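To keep things clear, I will list the structure first and then write my remarks on it.
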Amino acid sequence: MESKTLEIRNLNTSFFTQQGEVRAACDVCLEVQPGQITGIVGESGCGKSVTARSVMGLVRYPGRVVSGEILLDGKAMTGISGKEACSLRGAEVSMIFQEPMTSLNPVMKVGKQVEEALLLHRKLSKKEAAKSAAQMLEKVGISDVKNRMECYPHQLSGGLRQRVMIAMAMICSPKLLIADEPTTALDVTVEAQILRLMKQLCDAGTSILLISHNLGVIAQICDYVYVMYAGRVVEQADTMTLFDHPAHPYTRGLLQAARSLRSDAEVLATIPGVVPNLLHLPAGCSFSPRCGQCQEPCKTSMPDMLPAGEKGHLVRCFLAEKEKQQPVEAI
Amino acid sequence: MSGVLLEARNLTKEFPAGRKKKVHAVSDVSLQVFQGETLGLVGESGCGKSTLGRLMIRLLRPDSGALLVGGDDVTHLSEKEFRKYRRQLQLIFQDPYASLDPRLNVRDLIAEPLRTNHTCRTKEELTQRVLALMEDVGIPGEYLYRYPHQFSGGQRQRIGIARALAADPELIVCDEPVSALDVPVQNQILNLLKKLQKSRGLTYLFISHDLSVVRHISDRVCIMFLGTLCETGRVDDVYQNPQHPYTRYLMNAILVPDPHHRTDRIELLSGEIPSAVDPPSGCRFHTRCPYADDRCRREAPKMTDAGDGHLTACHYPLGNRPGDHS
């Protein structure tokens, strides 16, 4: 079997605040298979960005990775020196962010910003670097590359900035691209263009970890999906299975909410209650106070990831075992 | 249909942008908002939808054109004369984190518009009104003395809605009220807005870039591109039978939350929105439009009615050509 591009084992990342420890990512296990787009979906504050930042070693004080293993192509990313991490970031694994304006250097021409990673990791001459940078910018769909390379970020539109970000991330042909809400700040027509570009990159061999709160984005381009809630993975399955047979009540709630908007329903589906405060998580299953099917064991103990139906479909819910016997009704 | 509550006639608004340059934010836009309806206003960022929303309640003064509230021309009224209309026209903002004063508690936040309009005579009455409004928007009364930072995004948006309702308005301009929220919370707010509309007979001008949200909440919809309207009509007509090429591309770009309906092969709009500082001549969409010809480059199309109040500003409307989005 081919090795996994990314493997996260029991990752725990916490923020040590004055009010106490906030467990932003809790026992997260996650894999990215080569040549696939793997999605993480969840509401704000569910730990999806923290998981991604933990991989990159970008968790800021007062947060830190408490325990867990992160393997990139079989090599450990945790417990390595800052210098080693630097040689991996941008070369083997790179990341693009939600807001392209704040992630680009405002006082540096975009061409130079794209070349930077090449000069650092590939030790190319300036001329060679400029040439490959131009090729990469062309590849991500930027026209008139020569002039655009001489632009500063503020001279470009949001869609172009995000393309520059993607070019920067892809310039050293990393094994893994982490995209944290790459299209959330963009307009719908540009969003569709960027998603199509990411799909092309994936077809060309880059594995992608895509973080999004938008089930539309996930449904359109992901191969495999993790659903997170309150710092934990609560369900994982390939995209078709997840959308056809969601097993966790939270996943169902999310899907119903997204689908009812497109139906003729007079009253839209919602999930009762609010996302719990990570400082004061309820006992037992974090979702139990909002769950319509909550039972006694849910209030006292946290369920493990249990198999549900299809192969590779895991769900953190006591009901999964029971559900297996009866056909899952489509919602 | 009931009467026209708010009408814009050829509104134009330009903002200075450096030496002799101007941002053409809204150009020659006419539209009517009927009593009791929800009019959706859709477009990509920078198309002028928020500017138009602000012009419609006279938070901005137009450079030319007229604004009519219930048939009265209010374009040139002084602030004092306009005050009685101001109460009727309220606004809900996009960012529930930035639009509430962090140093006021809920009671003061909601009481502010009540005080401005001298609605209540005693402190007791004021508190009662605030509590009633909190109940209407679903904020528990015991949170009366809490501050904005103690609430979630959805709850803050509810407080924003209560503030708008406090003035007892006829019309509320909702400027991207749910785009900062997660979907389940977004749905709660949309349900609340619908409920309030029913119980209070409100009229909404609902501004959003999210086509699915607009489809759900609106009766009629206006599609905007670069400061001009390109299509308006009843929601079902516009969504199922788009006449303007831009509208059809927008519909194509909707991300369906269903992996069985992937839109990998649907034709996408290339390029980006042209600059509003130097908008294209003629039809402003012609630089991105596959059907554009010389006439489009020369001459700006006028809004023409295809029947049933379905208006399109295009020289070559799509007619009943089957769209590639079903």
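List of remarks:
- The mean count of C-beta atoms from other chains within 10 Å of the C-beta of residues in A:258-270, rounded to a whole number, is 6.
- Ascending count of other beta-carbon atoms within 10 Å, so fewest first, for B:Y246, A:Y152: A:Y152, B:Y246
- The range B:172-211: trypsin sites (Lys or Arg not before Pro) in DSSP loop, at most 15 other beta carbons within 10 Å: none
- Qualifying lysines (Cα of each under 19 Å from Cα of A:K127; at least 8 residues distant if same chain): A:K109, A:K112, A:K139, A:K146
- Calculated mean residue ellipticity at 222 nm for chain B: -9000 deg cm²/dmol, from DSSP H runs with n ≥ 4 weighted as -39500 (n - 2.57), summed, divided by the residue count and rounded to 500.
- Here the ratio of the Cα radius of gyration of chain A to 2.2 N^0.38 Å is 1.04.
- Two-site label geometry, B:R200 and A:S143: point separation in nm, points 7 Å out along Cα→Cβ: 4.8 nm
- Partners for B:K22 among lysines (Cα-Cα distance below 21 Å; same-chain residues under 8 apart left out): B:K13, B:K49
- Averaging the Cα positions of each part gives two centres, and for the range B:271-286 and the range B:1-46 these lie 17 Å apart.
- Exercise: per-residue mean of other protein chain Cβ atoms within 10 Å, A:237-245: 2
- Top of A:E116, A:E84, A:E69 by mean-square fluctuation, Gaussian network on chain A, Cα under 10 Å: A:E84
- Distances between every pair of Cα atoms in the protein assembly as shown, grouped in 20 Å steps from 0 to the bin holding the largest one, split as 17, 48, 32, 3 percent.
- In chain B, Cα pairs under 8 Å separated by at least six residues give a relative contact order of 20 percent.
- Percentage relative contact order, the range A:246-331, counting C-alpha pairs under 8 Å, at least six apart: 25 percent
- For the range B:96-175, the square roots a ≥ b ≥ c of the C-alpha gyration tensor eigenvalues yield an a/c of 1.5 or more together with a/b not exceeding b/c, which makes the shape oblate.
- For A:K75, a cut-off of 20 angstrom between C-alpha atoms picks up these lysines, skipping any fewer than 8 places away in its own chain: A:K4, A:K83, A:K175.
- As a rough footprinting exposure proxy, the listed residues B:S179, A:S14, A:S301 were ranked by other beta carbons within 10 Å of their own, and the order from fewest upward is A:S301, B:S179, A:S14.
- Helix-only mean residue ellipticity at 222 nm for chain A, each DSSP H run of n ≥ 4 adding -39500 (n - 2.57), per residue, nearest 500: -10000 deg cm²/dmol
- DSSP-loop trypsin sites (Lys or Arg not before Pro) across the range B:1-75, with at most 15 other Cβ within 10 angstrom: B:R19, B:K20, B:K21
- Note on B:M251, A:M101: ascending count of other Cβ atoms within 10 Å places them as A:M101, B:M251, the fewest first.
- Calculated FRET efficiency for the pair B:S275/A:K109, C-beta based, R₀ 30 Å, to 0.05: 0.90
- Over the range B:194-326, relative contact order from alpha-carbon pairs under 8 Å, at least 6 apart, %: 25 percent
- In this entry, the range A:53-112 is assigned a mean projected area of 5.5 nm², taken as a quarter of its C-alpha convex hull surface.
- Other protein chain Cβ atoms within 10 Å, averaged over every residue that makes up A:182-192: 6
- All Cα-Cα distances of the range A:246-331, cut into 5 Å bins from zero to the largest, leave 3, 14, 21, 22, 19, 13, 7, 1 percent in each bin in turn.
- Approximate spin-label separation A:Q135-B:E299, in nm, with each point projected 7 Å along Cα-to-Cβ: 5.0 nm
- Between B:E125, B:E112, B:E231, the residue with the greatest mean-square fluctuation in the GNM of chain B (Cα pairs under 10 Å linked by springs) is B:E125.
Bear in mind these aren't lab numbers, they're just calculated from the coordinates by the rules spelled out. Predicted, not measured: the structure shown is a model, and the values here were computed from it. Backbone-built Cβ (ideal geometry, glycine too); neighbour counts: all protein chains shown.
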